[in-house]
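Undergrad: Supplied in structure tokens, the structure appears directly below.
The values are calculated or read from the model by the stated rules, or taken from the named source; none is laboratory data. What you are looking at is a predicted structure, and each value in this text was computed from that prediction instead of being measured. Methodologically, a virtual Cβ is constructed for each residue, glycine included, from the backbone with ideal geometry; neighbour enumeration extends over all protein chains shown. Surface accessibility is based on the protein's heavy atoms, side chains included, excluding ligands, DNA and RNA. Shrake-Rupley method; radii C 1.70, N 1.55, O 1.52, S 1.80 Å.
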Amino acid sequence: MKLSEIKELIQLFNDSDLASLRLEQENFLLKLNKEGKKVKVDNVAQVTPVQKTETAPAIQAVESAPKSVNASSADFITSPMVGTFYRSPSPGAAPYVSVGDTVKKGQTIGIVEAMKIMNEIEAEFDCKIVEIEVNDAQPVEYGTKLVMVERI
């Protein structure tokens, strides 16, 4: 199984209501379990008749906290365009916001890169970050929920 297929399976699993998934093929085993909104990769193994190699693709879990807001009535900051979402200004830098942070209207919460242009995404009102909905460097579409917020 190709790495791109594994990543796609993980994304589909993350977006589903399933609590666990086990996929076994001739020389491949993939186990996925959810803990709240985070995806946990239990075991990813490539097995050949002669040797066993353990591989665990790096997966950044979506940051979340206990929800104090009902998800159906929550406010979200959404993507205004199609592109790639980044949580920090550069690789290795601290993210713009984290769960529990209080942000002011106009404060940058992330970047959406579209056609090699970095577009800062700003809070439209004063709010508290309840949950980060997308991973760093994840492709997003127009209207994708980026961050769940609670107005203050």
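Undergrad: Taking R0 as 22 Å, what FRET efficiency do you get between THR78 and SER4 from their Cβ-Cβ distance, rounded to the nearest 0.05?
TA: Here the calculated transfer efficiency is 0.25.
Undergrad: What is the list of residues in segment 76-91 whose amide nitrogen lies under 14 Å from a point 7 angstrom out from the Cα of ILE117, following Cα to Cβ?
TA: 80-84
Undergrad: Counting only heavy atoms of protein chains, what accessible area per residue, in Å², does segment 75-151 have with a probe of 1.4 Å? Before the final figure, lay out the partial values.
TA: Details: 4030 Å² over 77 residues.
Per residue, segment 75-151 has 52 Å² of solvent-accessible surface.
Undergrad: Tell me which residues come under 5 Å, amide H to amide H, from TYR96 once H is placed; ignore anything under 5 positions away on its chain.
TA: HN-HN under 5 Å from TYR96: SER88.
Undergrad: Give me the percent of accessible area attributable to carbon and sulfur for segment 75-151, probe 1.4 angstrom.
TA: Result for segment 75-151: 50 percent of the exposed heavy-atom area is carbon or sulfur.
Undergrad: Using the Cα centre as the reference, give the magnitude of the dipole from point charges on the C-beta atoms of segment 75-151 (Lys, Arg: +1; Asp, Glu: -1; all else neutral), rounded to the nearest 20 debye.
TA: Charge dipole of segment 75-151: 120 debye, to the nearest 20.
Undergrad: Under 5 Å between amide hydrogens, which residues at least 5 positions from VAL147 or on another chain qualify, with H placed 1.01 Å from N in the peptide plane?
TA: For VAL147, whose amide H was placed from the backbone, the distant partners under 5 Å are ILE77, GLU133.
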